1. Quick one: in segment 149-162, of everything that is more than 16 Å from Phe19 (Cβ to Cβ) and outside any loop (DSSP other than H, G, I, E, B), which residue is farthest from the chain's Cα centre (by Cα)?
2. Within segment 121-133, track down each residue that is modelled with pLDDT of 85 or more and buried (at least 18 other Cβ atoms within 10 Å of the Cβ).
3. If I ask for residues that are in contact with a strand residue (DSSP E or B) (Cβ under 8 Å, 6 or more places away or on another chain) and not in a loop (DSSP other than H, G, I, E, B), which ones from segment 23-40 would you list?
4. What tally of residues in segment 139-157 results from selecting those that are touching a strand residue (DSSP E or B) at 6+ places or on another chain (Cβ under 9 Å), open to solvent by 40 Å² or more (accessible area, probe 1.4 Å) and small (Gly, Ala, Ser)?
5. Only one residue in Val98, Val43 is hydrophobic (A, V, I, L, M, F, W, C), surrounded by 15 or more Cβ atoms within 10 Å (Cβ to Cβ), more than 28 Å from the chain's Cα centre (by Cα) and modelled with pLDDT under 95. Which one?
6. Residue check: is Val69 among the aliphatic types (A, V, I, L, M), closer than 21 Å to Leu176 by Cα and open to solvent by less than 30 Å² (accessible area, probe 1.4 Å)?
7. In this structure, does Ala136 turn out to be assigned to a helix (DSSP H, G or I), of a type outside the set (D, E, K, R) and exposed (fewer than 14 other Cβ atoms within 10 Å of the Cβ)?
8. For segment 8-19, indicate whether the set of residues that are modelled with pLDDT under 85, farther than 23 Å from Ala136 by Cα and surrounded by 15 or more Cβ atoms within 10 Å (Cβ to Cβ) is non-empty.
Amino acid sequence: MSDNPVTGEISNSKIAAVFDTAAAARDAATAAISAMDLHPTQVKVITPDEPDASIKLEPEGRGIWRTIVIAHLRLGLFGAAAGAIAFAIMMWIGVPFVVQSPVAAALVTIAFATVGGLMLGGLVAMRPDHDRYVDATRTAMAARRTTVIVHARSREEQQQAKDFMSGRGGDVTGTL
């Protein structure tokens, strides 16, 4: 499982290592599997003529839906809790509107904070950090270069994969 508690994907951390030749990419992929003790399903090679590049880049279709639900649920609840804390602080310091209308102030504060949390959940679910990773692969395909994709299960594994692929001559781009 992933080390990110806000998403529902197994692999939140991904890297794309671009190589000039398919042979160099395949060698790097094989070496990474054995040297880093990765499962073969975590490492994919995308050639310039790959018909299923999108599936190899983002293989967790169900995980993405889980991410949408989990991110909204957890961050929405976090927002509500933050709103309740903000309301309590305003009551404690004696903000006039809050003291005179505590029910209205509590409802408004908690509602706005919940909406803020839900919006943050939407940002997490969109996965804007994946744009660079996907663009690097698409650009490599257009330039007739081959990409090795590593679906890391933790930040440490992602960093190891980055270092390993860079050491093998790959131009590495990763997600957050």
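The values are calculated or read from the model by the stated rules, or taken from the named source; none is laboratory data. Here the structure is a predicted model, which is why all the values come from computation and not from measurement. Cβ placement follows ideal geometry from the backbone for every residue including glycine, while neighbour counts extend to all protein chains displayed. With ligands, DNA and RNA removed, areas are computed over all heavy atoms of the protein, side chains included. Shrake-Rupley method; radii C 1.70, N 1.55, O 1.52, S 1.80 Å.
1. Our first condition is that a residue be more than 16 Å from Phe19 (Cβ to Cβ); within segment 149-162, this holds for 151-160.
Narrowing further to those that are outside any loop (DSSP other than H, G, I, E, B): 151-152, 155-160.
Working: His151: 11, Ala152: 11, Arg155: 11, Glu156: 14, Glu157: 14, Gln158: 12, Gln159: 15, Gln160: 17 Å.
The residue in question is Gln160.
2. Step one: of segment 121-133, the residues modelled with pLDDT of 85 or more are 121-123.
Within segment 121-133, just Gly121 meets the criteria.
3. Of segment 23-40, the ones in contact with a strand residue (DSSP E or B) (Cβ under 8 Å, 6 or more places away or on another chain) are 24-26, 28-29, 32-33, 38.
Ala24, Ala25, Arg26, Ala28, Ala29, Ala32, Ile33 - these are the residues of segment 23-40 that are in contact with a strand residue (DSSP E or B) (Cβ under 8 Å, 6 or more places away or on another chain) and not in a loop (DSSP other than H, G, I, E, B).
4. Looking only at that region, the number is 1.
5. Values: Val43 fails: more than 28 Å from the chain's Cα centre (by Cα).
Answer to the selection: Val98.
6. Details: among the aliphatic types (A, V, I, L, M): yes; closer than 21 Å to Leu176 by Cα: yes; open to solvent by less than 30 Å² (accessible area, probe 1.4 Å): no.
Against the criterion (among the aliphatic types (A, V, I, L, M), closer than 21 Å to Leu176 by Cα and open to solvent by less than 30 Å² (accessible area, probe 1.4 Å)), Val69 does not qualify.
7. Numbers: assigned to a helix (DSSP H, G or I): yes; of a type outside the set (D, E, K, R): yes; exposed (fewer than 14 other Cβ atoms within 10 Å of the Cβ): no.
No: the conditions fail for Ala136.
8. yes
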